[in-house]
Amino acid sequence: MRRILILNPKGGCGKSTLASNLASYYSQAGTPVQLVDFDPQGSSMDWLAVRPASAAPIHGALANEEDFMVPHGQGVMILDAPAGVHGKRLKRYVKMAQTLLIPVLPSPIDMRASAKYIEELLLVGRVNKEKTRVAVLANRVRENTLIYHSLERFLAALEIPFLTHLRDSQNYIRAAEQGLGIFELPPSQTEVDREQWQPILDWLASKQSLPTGS
Ligand SMILES: Nc1ncnc2c1ncn2[C@@H]1O[C@H](COP(=O)(O)OP(=O)(O)O)[C@@H](O)[C@H]1O
Ligand SMILES: [Mg+2]
């Protein structure tokens, strides 16, 4: 089963937003989706709880990293990590998925924390191309701000792919309130967001996001 883990050292950077929008994207495309929430706050499960019965189905579960067993079967599993997993716990998380996605906010604190985290991932988490692929993206971006330009330079200088930036948009809030993703809102209203998501979807659909040893 395809497993995609969303993680970041800090809360509030958009992990659950990414996880739920990815789950919504795959489900409306007809792919069987499981959304696994490791965060005791349970944001992803709260989102799923308000998802309308008429929307494409997503199977959800709250999980504990110590009990997690890699599943077999078809489809995609989206894993929503809690903030700030380090050391041994981080290693355990990294082993759960073939692909890691790291959202970073345009803020100096978030950027510094993410730089250290990526270093830790590569060293402690032993992330390497044979076993795990990782990419970053910028979230809640207001274009043409100085801080966004420095985030862009920072992300581009990393040794891992910088996929895209997602703008700060009420569409994410509106979709989340209804248990939906932006791909389930009217295209006319979400055109820009869909375009910004495309590089994520393309990367996830390509071999570039799969470990060479898989
Ligand atoms: N691109 C975005 N535009 C607007 N609001 C966003 C965006 N990404 C996340 N948010 C909002 O920011 C808050 C934190 O996001 P969340 O996904 O819960 O972060 P995390 O899971 O990393 O703690 C939520 O209220 C969410 O709706
Ligand atoms: Mg969360």
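The values are calculated or read from the model by the stated rules, or taken from the named source; none is laboratory data. Here the structure is a predicted model, which means the values were calculated and not measured. Reconstructed Cβ throughout: ideal geometry from the backbone, glycine too, with neighbour counts over all protein chains shown.
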> Counting only residues that are assigned to a loop (DSSP other than H, G, I, E, B) and β-branched (Val, Ile, Thr), which one in region 143-161 is surrounded by the fewest Cβ atoms within 10 Å (Cβ to Cβ)?
Replying inline: Thr145
> Only one residue in Arg140, Arg133 is crowded, with 21+ Cβ neighbours inside 10 Å, touching an Asp or Glu at 6+ places or on another chain (Cβ under 9 Å) and modelled with pLDDT of 90 or more. Which one?
Replying inline: Arg140
>> Of everything in region 103-130, what is part of a loop (DSSP other than H, G, I, E, B), buried (at least 16 other Cβ atoms within 10 Å of the Cβ) and touching a Gly at 6+ places or on another chain (Cβ under 9 Å)? Give them in sequence order.
In response: Leu105
>> Given the options Lys15, Lys91, Lys10, name the one that is away from ligand 1 (no atom under 16 Å from the Cβ) and either modelled with pLDDT under 95 or not β-branched (Val, Ile, Thr) (or both).
In response: Lys91
> Has region 181-189 got any residue that is away from ligand 1 (no atom under 13 Å from the Cβ) and in contact with a Ser or Thr (Cβ under 7 Å, 6 or more places away or on another chain)?
Replying inline: yes
> Counting residues that are within 12 Å of ligand 2 (Cβ to nearest atom) and either among the basic types (Lys, Arg) or out of contact with any His (no Cβ under 7 Å at 6 or more places or on another chain) (or both), which strands (runs of 3 or more DSSP E) fully inside region 14-93 reach at least 1?
Replying inline: 33-37, 76-80
>> Could you list, ordered by first residue, the pairs with Cβ atoms under 6 Å in which the first is in region 8-29 and under 15 Å from Gly60 (Cα atoms) and hydrophobic (A, V, I, L, M, F, W, C) and the second is within 12 Å of ligand 1 (Cβ to nearest atom) and part of a helix (DSSP H, G or I), at least 6 apart or interchain?
In response: Ala19/Ser44
> Any chance region 113-121 includes a residue that's within 21 Å of Gly42 (Cβ to Cβ), of a type in the set (Phe, Trp, Tyr) and within 16 Å of ligand 2 (Cβ to nearest atom)?
Replying inline: no
> Does any residue in region 60-87 that is away from ligand 1 (no atom under 16 Å from the Cβ) come within less than 8 Å, Cβ to Cβ, of a residue that is among the polar types (S, T, N, Q) six or more places away or on a different chain, and which pairs are these?
Replying inline: Ala61/Gln34; Pro71/Gln34; Gly75/Thr31; Gly75/Gln34; Val76/Thr31; Val76/Gln34; Met77/Gln34
>> Which residue is modelled with the lowest pLDDT, if the candidates are limited to region 39-60 and must be out of contact with any helix residue (DSSP H, G or I) (no Cβ under 8 Å at 6 or more places or on another chain) and surrounded by 11 or more Cβ atoms within 10 Å (Cβ to Cβ)?
In response: Gln41
